Amino acid sequence: MGELQWKTGITKIEPNKIMVRGYPINDLMGKITFSQAIYLILKGELPDDKVGKMMDIILTASIDHGATPPSTLAAITSAATGAPMNASLAAGILTINKYHGGAVEGMMKLLIDLVEKIEKENLNFEDAVLDFVKDKKEKHERIPGIGHRYHTNDPRTDKLFQYAEELGFSGKHVKALKSIQKKFNEISGKNLPINVDGAIGAVLCEMGFPTALGNMFFIMARVPGMIAHIYEEQTTQKPNRKIHPTDHIYIGPEERHL
């Protein structure tokens, strides 16, 4: 054993053989979905069908949100300057932080701490949530996952919660998030929705993912959308154009359904 040797438990490479978490990758091909493969490489075991479907739903929900999010604007601005696709994609990914995409991880940390406190101290659930919301309001601290800059009712959230209920991922963390929203709106007099990032954070808690991977789900989901915008910029727009952050029109297919 050399002094520079280090260990990994993820992928084993041998001549003519690739094993991901112990599974030959050629055996997985055609038998599991990409979302199931993501679960396997992150968690170390193959998911059952319900977990795999929930993974698909989560990643599909955040695949894109138009041309105005900071990550997309950064990506297309970089592409407009002549940067190659990988550099433009990197520029977009680097904008995903605390205030853009960060609500997933933020909500996970918040819910885990709140639920643990309720259980450890044997608190009344609704009273504890109310005290939590009041404390946040008194400290003027924003609650991640509540409200949206564009939607008054995020269409992805209801669908996500619907599937979470059907697939068995609607437990104490989802309950806590819904209660937080209700108490917040009652106290503030507002009618803010639970956004998709907050909903994903709650469901990831139910699935047992560590908080450190929260924002990574946003990144994994959003990469295909950013690639599409970068390619569109490179193939349909003039180089180094002036890019207005909101003044654009949609020219794609009209609404259609499965």
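Laboratory data are not the source of any read-out in this text; all were calculated from the coordinates shown. Keep in mind the model is a prediction, meaning the values are calculated, not measured. Positions of Cβ are generated from backbone atoms using ideal geometry, with glycine treated the same way; all protein chains shown enter the neighbour counts.
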Identify all lysines with a Cα-Cα distance to residue 183 below 21 Å; exclude those on the same chain that are fewer than 8 residues away in sequence.
109, 117, 134, 136, 137, 139, 172, 175
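What are the membrane-span-like helices in the chain by this rule: whole DSSP H runs, Cα extent along the axis at least 30 Å, mean Kyte-Doolittle hydropathy at least 0.0? Mind dumping the intermediate values first?
Details: long enough: 214-236 (34 Å, 0.25).
Helices passing the filter in the chain: 214-236.
Rounded, prolate or oblate for the chain? Axes are the square roots of the Cα gyration tensor eigenvalues, ordered a ≥ b ≥ c, and the cut-off for rounded is a/c under 1.5.
oblate
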Using the Kirkwood formula over every pair of different C-alpha atoms, what hydrodynamic radius in Å results for the stretch 162-258?
17.1
If you average the C-alpha positions of the stretch 63-85 and of the stretch 16-62 separately, how far apart do those two centres end up, in angstrom?
29
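At a temperature of 37 °C and a viscosity of 0.692 mPa s, determine how fast the stretch 24-155 diffuses translationally according to Stokes-Einstein, using the Kirkwood radius over alpha-carbon pairs as Rh; express D in µm²/s, rounded to the nearest whole number.
Working: Rh = 18.4 Å.
Approximately 178 µm²/s, per Stokes-Einstein.
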I want to check the label-to-label distance for residue 153 and residue 235. Put each point 7 Å from Cα in the C-beta direction and report it in nm to one decimal.
3.7
Please give the contour-minus-distance gain from residue 95 to residue 31: 0.36 nm per residue of separation, less the Cα-Cα distance, rounded to one decimal in nm.
19.6 nm
FRET efficiency for residue 11 and residue 187, Cβ-Cβ distance as r, R0 = 35 Å, nearest 0.05?
0.10
Residue 228 neighbourhood, Cβ < 14 Å, K/R = +1, D/E = -1, net charge -2
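Using 1/(1 + (r/R0)^6) with R0 = 22 angstrom and r between the beta carbons of residue 56 and residue 112, what's the FRET efficiency to the nearest 0.05? Don't skip to the answer; put the middle values down first.
On the way: r = 24 Å, r/R0 = 1.09.
My answer for the efficiency is 0.35.
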What spacing in nm lies between the two simple spin-label points modelled at residue 63 and residue 249, each 7 Å away from Cα in the Cβ direction?
2.6
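Sum -39500 (n - 2.57) across every DSSP H segment of at least 4 residues in the chain, then divide by the residue count to get the 222 nm mean residue ellipticity, nearest 500.
On the way: 11 runs with 143 residues, N = 258.
Roughly -17500 deg cm²/dmol at 222 nm, from the helical runs in the chain.
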